[in-house]
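Here is the structure we will look at.
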C-alpha cells in the first residue's frame, strides 16, 4: 500500500458521526454541518438532462468534453470576470471536470514534483480537507497559512518567509473562503501571481463559492481577472476551479471545470486521459444549459441573503462578535466553550448539527485557528435556518 495513506486523517464528517449520537426525541433534526445546497435544482438543468437521453449513453465521452460545453464555459468566464473577448480559448484554456473536488485532488498529483527537495503545498488554515490529502498523496508536505480574527480571517501571506516560498510547488487558494466566507482582493491576488513567477510555483484557485455573495453590485474577483489586470494574458502559473454544485444547486450532478494556463492544462489533460474521468455527455448537456443562464443564479443569491438576514437578527443579540461574511453560505461562529463540546451539546439539547471548527484546521505555529469556532452552513430552507438560529440562541443562553 502507498505509505502516504497512513498520513491521512479521518474526514471531518467521520469524526462528527462519532461525536453526536444522542439527539432529543422531541425535536426535529436540522443539519447545518455540510455545505450541501438544498435549494431546488433549476428546471432548465432537469430539462437538458432529459433531452440528452438516451442518445447521450451510446458513446464514450471524451476527456475534453464537447466544444459546446467548453465554449459556454469560456463565454461565462469572459462575462463574469470581465475578461477581454476571446481571451479564453475553449480548446486550450478549459477542461470540464466531474466536480471540483476530484479535480482539486488530481491536480496536485499532476503538478507537484515529488523529487524536489522537501516540496511544500501551501494552503489556508482552516481549509477544505481535499487540499491536505492531495498534498500528502502527491508526496509533498502541507504548509498551513493561519486565518485568524486578527488577520480578518484572511491568510497571512506576508508572514510567509522566503525559504517556504522557495520550497512551494503549489499554492491552494479558496476565495470566497470555506469556512470563513472572506474574499481575496485583487491586490492580494496580483501579489501572489508575482510570487508564483518569482518562486516558480503554481496557483490553484478554488472559486467554487464565487457566485454566492451578499452585495449584488460587488461580485468577488477571480484569479484570471487579476492575471488580465496585470498583463498576464496567458494566465501563466494560474489555474481556477469552478463548480455548478453551489452556483446551480446540483451537487449530485458532479459538474465543474478547470481553466487557466494552457501549458499546465495540456499536462493536466494528459494526466486525465489516463485517470479515466471524462464527463458523461448527459451531464455535459445539463452543464451547458446551466452555464448559459444567470437568472437562476441571481435568484439563488436572494434566498441566501434572506437566510443570512433572518439568522443574524436572531443570533446577534447573543453573539455580539458574530461576523457576517461577504460571500459563501457559511457562518464561522465563535463558541464560548470547546468547539467539540459545543457541537455535541447543541446536538443533544437542540438537535441541530454543526461542524467543529477544529475539524477543519490543523495546529500551525502553536495555533489551531478552528478552536472555539463552529461552521454553520445555511443551506436548509429559510424556515429551518430560522428555527435552528432560535435553538442555537436558546442553547447559548444556558451557557451564560
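The numbers here are math on the coordinates, done by the rules we state, and not lab data. Keep in mind that this is a model prediction, so the values were computed, not measured. In this analysis, Cβ positions are derived from the backbone assuming ideal geometry, glycine residues included, and neighbour counts consider all displayed protein chains.
Considering 201, 241, 235, the condition of being more than 25 Å from residue 144 (Cβ to Cβ) and in contact with a strand residue (DSSP E or B) (Cβ under 6 Å, 6 or more places away or on another chain) is satisfied by 235 alone.
Of all residues in the range 213-234, those that are touching a residue at least 12 places away in the same chain (Cβ under 8 Å) have Cβ atoms under 7 Å from Cβ atoms of residues that are exposed (fewer than 12 other Cβ atoms within 10 Å of the Cβ) and assigned to a loop (DSSP other than H, G, I, E, B), 6 or more apart or on another chain, in 228/84. Only one of the numbered conditions (1) part of a helix (DSSP H, G or I); (2) in contact with a helix residue (DSSP H, G or I) (Cβ under 6 Å, 6 or more places away or on another chain) is violated by residue 336, and that is (1).
Filtered by the rule that a residue be over 19 Å from residue 216 (Cα atoms), surrounded by fewer than 18 Cβ atoms within 10 Å (Cβ to Cβ) and touching a residue at least 40 places away in the same chain (Cβ under 8 Å), the range 294-322 gives 317, 318.
Would you check which residues across the range 199-251 are in a helix (DSSP H, G or I) and over 27 Å from residue 119 (Cβ atoms) and list them? Break it down stepwise before answering.
The initial filter retains those residues of the range 199-251 that are in a helix (DSSP H, G or I), namely 199, 223-229, 244-247.
Matches in the range 199-251: 225, 228, 229, 244, 245, 246, 247.
Only residues that are under 17 Å from residue 232 (Cβ atoms) and surrounded by fewer than 18 Cβ atoms within 10 Å (Cβ to Cβ) were counted across the range 51-84, and they come to 3.
Summed over the range 366-380, residues that are farther than 15 Å from residue 33 by Cα and either in contact with a strand residue (DSSP E or B) (Cβ under 7 Å, 6 or more places away or on another chain) or assigned to a helix (DSSP H, G or I) (or both) total 3.
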